[in-house]
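The structure appears below as structure tokens.
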Amino acid sequence: MTAALFDLSGRRALVTGSSKGIGAALAAGLAGAGAEVVLNGRDTGALTRARDELAGRTGRGCMPSPRRDRPAAVDAGLREAEEAAGPLDILVNNAGTILREPMLRVPVADWRDLLTPI
């Protein structure tokens, strides 16, 4: 297989949880395939560092976008991302957290927080 099969030039991707770990690796892979990547996560400082590192390795720009916790703010965050970068083509909903409790004891608010995309 050639890299041309995975050409994402002209595509825009939003990767949640992309300030470190698996999300940062996914963002780097998408950028390496030509996509413009919007980084997303809770820690603005970590996002800025991830953006700088990704831009340094791939020459592609990224935009940190702090994670939002309310549905209206999620919609606003997506609009901001699309206004800055253009329409999004790809969503990688990678964000996660560790909840060290039995599943049936996890509060509903924690489940909602986990599933909020940005």
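The values are calculated or read from the model by the stated rules, or taken from the named source; none is laboratory data. Bear in mind the structure is a predicted one, so any value in this text is a computation, not a measurement. For neighbour counting, all protein chains shown are included, and Cβ atoms are generated from backbone atoms with ideal geometry for every residue, glycine included. Note: areas computed on protein heavy atoms with side chains; ligands, DNA, RNA excluded. Shrake-Rupley method; radii C 1.70, N 1.55, O 1.52, S 1.80 Å.
Of all residue pairs spaced 6 or more apart or on separate chains, those with beta-carbon atoms under 8 Å, a first member in region 41-62 that is farther than 19 Å from GLU83 by Cα and of a type in the set (A, V, I, L, M) and a second member that is at pLDDT 85 or above and open to solvent by 40 Å² or more (accessible area, probe 1.4 Å) are ALA46/LYS20; ALA50/LYS20.
LEU91 meets the conditions (1) open to solvent by 50 Å² or more (accessible area, probe 1.4 Å); (2) more than 11 Å from the chain's Cα centre (by Cα); (3) not charged (D, E, K, R) in every case but one. The failed one is (2). With the requirement that a residue be open to solvent by 70 Å² or more (accessible area, probe 1.4 Å) and either in contact with a Lys or Arg (Cβ under 8 Å, 6 or more places away or on another chain) or part of a strand (DSSP E or B) (or both), what does region 32-81 give you? GLU36, ARG42, listed by residue number. Listed by first and then second residue, the pairs linking a residue in region 7-31 that is surrounded by 17 or more Cβ atoms within 10 Å (Cβ to Cβ) to a residue that is charged (D, E, K, R), with Cβ atoms under 7 Å apart and 6 or more places separating them unless they lie on different chains, are ARG11/ASP89; ARG12/GLU36; ARG12/ASP89; ALA13/ASP89; SER19/ASP43; ALA28/ARG57; ALA31/ARG60.
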